[in-house]
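Below is one structure, written out as structure tokens; the observations come after it.
The values are calculated or read from the model by the stated rules, or taken from the named source; none is laboratory data. Computed from a prediction, not measured in an experiment: that's the story for all the values here. Heads up, the Cβs are rebuilt from the backbone with ideal geometry, glycines too, and the neighbour counts pull from every protein chain shown.
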Amino acid sequence: MSGSIFGRNFQVSTWGESHGKGIGVVVDGCPAGLPLSEEILQKYLDRRKPGQTRYSTPRKETDEVEILSGIFEGKTTGTPISMVVYNTSQRSKDYSEIAQYFRPGHADYTFDRKYGFRDYRGGGRSSGRETIGRVAAGAIAEELLKELGVEVFAYTKEIGGILIDEKKALKENIEKSPLCMPDLEASKQAEILLESKMKQQDSAGG
């Protein structure tokens, strides 16, 4: 499978599967001397950790990051930074019944069609857990940008046709909303919509 390496000057290589031993990433191109630790990275990974709200996956994982290389005495060395998060809550038997089926809304069919073989246990490389590596790499990039006075943040703009009012959008509301929406009124409407969809065993298309 290609497409797991991103960037040139700041290169990111993600690896691992949803139900494998772990998920990881190697970042090459980070200059030496940047203050970095597992504690700093963990703050970012805790934000994407599953099971934090009723609107995310019910899978429970601690997602504790371990730095394997590229850090010495709390600073980057300028060499490749390798990080891993070990999977602790994979329940592969939960997927045994769908080994012969393709799940709608997942990459099961396209992966099988393209490569002729797939890991049906949680989607393998197509799982949302693959984003662990991207978040860890993004954390390093953001810490580097902070040194240059650049601030980065993201938010949810729309869910199921419910759009935020940019005049009411406040950065501090992002952390207050379970859906990461900066407009709390829109967030509440989206929550009501999702509750309705959940009762119908449907989704809002996410």
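Say we look at the stretch 126-145 and pick out the residues that are polar (S, T, N, Q) and in a helix (DSSP H, G or I); which of these is surrounded by the fewest Cβ atoms within 10 Å (Cβ to Cβ)?
Pass one, the stretch 126-145, residues polar (S, T, N, Q): 126-127, 131.
Narrowing the set further to residues that are in a helix (DSSP H, G or I) leaves 126, 131.
Numbers: Ser126: 18, Thr131: 13.
Once the filter is applied, the top-ranked residue is Thr131.
All of (1) buried (at least 20 other Cβ atoms within 10 Å of the Cβ); (2) farther than 17 Å from Ser127 by Cα hold for Gln11 with one exception: (1).
If the condition is being within 19 Å of Glu39 (Cα to Cα) and not hydrophobic (A, V, I, L, M, F, W, C), then the stretch 131-157 contributes Thr131, Gly133, Arg134, Gly138, Glu142, Glu143, Lys146, Glu147. Gly16 satisfies every condition listed in (1) at positive phi; (2) at pLDDT below 75 except (2). Look at (1) among the hydrophobic types (A, V, I, L, M, F, W, C); (2) within 23 Å of the chain's Cα centre (by Cα); (3) within 30 Å of Gly16 (Cα to Cα) and you find that Phe117 fails only one, number (2). When residues in the stretch 155-203 are screened for being assigned to a loop (DSSP other than H, G, I, E, B) and either of a type outside the set (A, V, I, L, M, F, W, C) or under 16 Å from Ser56 (Cβ atoms) (or both), 22 of them pass.
Out of the residues in the stretch 146-193 meeting the condition of being of a type in the set (Lys, Arg) and surrounded by 11 or more Cβ atoms within 10 Å (Cβ to Cβ), tell me which one is farthest from Arg48 (Cα to Cα). Break it down into steps so the answer makes sense when it comes.
Quick first cut of the stretch 146-193, residues of a type in the set (Lys, Arg) only: 146, 157, 167-168, 171, 176, 188.
With surrounded by 11 or more Cβ atoms within 10 Å (Cβ to Cβ) added as a condition, the list becomes 146, 157, 168, 176, 188.
Details: Lys146: 20, Lys157: 17, Lys168: 25, Lys176: 15, Lys188: 21 Å.
Only one residue tops the list, namely Lys168.
Residue-level check: of (1) assigned to a strand (DSSP E or B); (2) crowded, with 17+ Cβ neighbours inside 10 Å; (3) modelled with pLDDT of 95 or more, Cys30 misses just (1). Applying a threshold of 8 Å to beta carbon distances and a minimum spacing of six or more residues, or different chains, the list of pairs starting in the stretch 131-148 at a residue that is within 15 Å of Lys75 (Cα to Cα) and ending at one that is in a helix (DSSP H, G or I) and among the aliphatic types (A, V, I, L, M) reads Ala139/Ile40; Ala139/Leu41; Ala139/Leu45; Ile140/Leu41; Glu143/Ile40.
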